[in-house]
1. Can you find a residue that is farther than 18 Å from GLY21 by Cα and aliphatic (A, V, I, L, M) anywhere in the stretch 130-141?
2. If GLU49 passes every condition in (1) free of Cβ contacts under 8 Å to residues at least 40 places away in the same chain; (2) outside any loop (DSSP other than H, G, I, E, B); (3) away from ligand 2 (no atom under 16 Å from the Cβ) but one, which one does it miss?
3. Could you pull out the residue among ASP157, ASP100, ASP65, ASP112 that is among the acidic types (Asp, Glu) and within 10 Å of ligand 1 (Cβ to nearest atom)?
4. Could you list, in sequence order, the residues of the stretch 56-104 that are out of contact with any Cys (no Cβ under 7 Å at 6 or more places or on another chain), part of a helix (DSSP H, G or I) and not charged (D, E, K, R)?
5. Considering only the stretch 94-114, I want to know if a residue exists there that is closer than 23 Å to ARG269 by Cβ, within 16 Å of ligand 2 (Cβ to nearest atom) and either surrounded by 20 or more Cβ atoms within 10 Å (Cβ to Cβ) or hydrophobic (A, V, I, L, M, F, W, C) (or both).
6. Step by step: first the residues of the stretch 19-32, then only those that are within 14 Å of ligand 1 (Cβ to nearest atom) and farther than 10 Å from LEU166 by Cβ, then the one that is surrounded by the fewest Cβ atoms within 10 Å (Cβ to Cβ). Which residue is that?
Amino acid sequence: MPLVPATTETIARAADALRRGEVVAFPTETVYGLGADARNGLAVARIFEIKGRPRFNPLIVHVADRAEAERLAVFTEQAARLAAAFWPGPLTLVLAKRADCGLSELVSAGLDSVGIRVPAHPVARALIAAAGVPVAAPSANRSGHVSPTTAQHVAADLGSAPAYILDGGATAVGLESTVIDARADPLLLRPGAISRADLEGVLGTSLARPRASAVPASPGQLASHYAPRAALRLDATTVAADEALLAFGANVPRGAAAVINLSPSGDLREAAANLFGALRALDAKASTIAVMPIPDDGLGEAINDRLRRAAAPRGNR
Ligand code: TXA
Ligand code: MG
């Protein structure tokens, strides 16, 4: 089994594996990532192969610091502001790629932009520093499945395909990074771990969502991403005996086959951290998961985005 506790020793071995072109799963503050050397096309292709991911979905490049990011992409003034405020941390900036960035074309799936972030998790930081290469990493789940928030989730989805699965415990945030296109007036491509309000506070303007178009600006935003096997019934205020219930807050309806409360006290941070683990656990309990309404403010925007995707028809998985 490639699953090992993250220690100085195993991180060093995993960094060697990355440099050799192998694929390594590691914890970040958001979810576990499946990493490869972003300059090595074969290694990046292996990520897509292991995930069963459509090729047109670009990957986030994880780097040690802002200086590394500047070597890969061009920072606008707004991008520099956001990086100063939120890096290291769960913010991904989509920027114009430099011609001499050395990144594999597969990383951006043929786009002339690149998504970059500087993670805050100490294991992710130690791994990137030891490897000394930019690390392309999507979430470490099979394409279309729920993102992994523990090393055990990664092992359940990917088995022994990664050379290492570094176990750093459950991730603190539990939701993926917020993705902002910062090449011009900033656009919110994917709601995530940093809330709209916090971003708008730093930018001093309101953040637009991209207009719907035939070619998705952020191709990962396929409607039915993040799907468990069970059907989801959103905004449930009652529950049937054969349904599992994903609850939120104090007023939980009775009678479900199984219940997990994301946050009995109604705390959206706690709910975000519990979301993907709860979906996995309830998926095994019933063929329908009823989901109580969750407020749309703060991290609620990202939580509701993931729930709507998980509930969407499965045609395009
Ligand atoms: O928290 C996270 O972001 C995690 C951890 C591992 O860092 N990673 C993650 O990666 O969620 P992934 O591949 O599951 O999602 C990446 C998102 C997708 O929606 C993708 O379309 C978008 O970022 N993205 C990446 N590069 C892009 C680019 N050049 N232009 C537009 N969107 C991009
Ligand atoms: Mg993902």
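1. The answer is no, given that none of the residues of the stretch 130-141 is farther than 18 Å from GLY21 by Cα and aliphatic (A, V, I, L, M).
2. Status for GLU49: all satisfied but (3).
3. ASP112
4. Residues satisfying the conditions are ALA67, ALA69, GLN78, ALA79, ALA80, LEU82, ALA83, ALA84, ALA85, PHE86.
5. No, that holds for no residue.
6. So in the stretch 19-32, the residues within 14 Å of ligand 1 (Cβ to nearest atom) come out as 23-32.
In the following step, the residues that additionally are farther than 10 Å from LEU166 by Cβ were identified as 23, 28-31.
Numbers: VAL23: 26, THR28: 29, GLU29: 20, THR30: 28, VAL31: 27.
Applying the filter and picking the extreme gives GLU29.
So that you can scan it fast, the table gives a plain yes or no per residue for (1) assigned to a helix (DSSP H, G or I); (2) within 14 Å of the chain's Cα centre (by Cα); (3) surrounded by 22 or more Cβ atoms within 10 Å (Cβ to Cβ):
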{"residue": "ARG269", "(1), (2), (3)": "yes, no, no"}
{"residue": "LEU275", "(1), (2), (3)": "yes, yes, yes"}
{"residue": "ALA281", "(1), (2), (3)": "yes, no, no"}
{"residue": "ALA286", "(1), (2), (3)": "no, no, no"}
{"residue": "PRO295", "(1), (2), (3)": "no, no, no"}
{"residue": "ILE303", "(1), (2), (3)": "yes, yes, yes"}
{"residue": "ARG309", "(1), (2), (3)": "yes, yes, no"}
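Read-outs throughout are calculated quantities, based only on the coordinates presented, and are distinct from any laboratory measurement. Note that the structure is predicted; figures quoted are calculated from it, not measured. Cβ coordinates were reconstructed from backbone atoms using ideal geometry, including for glycine residues, and neighbour counts include every protein chain displayed.
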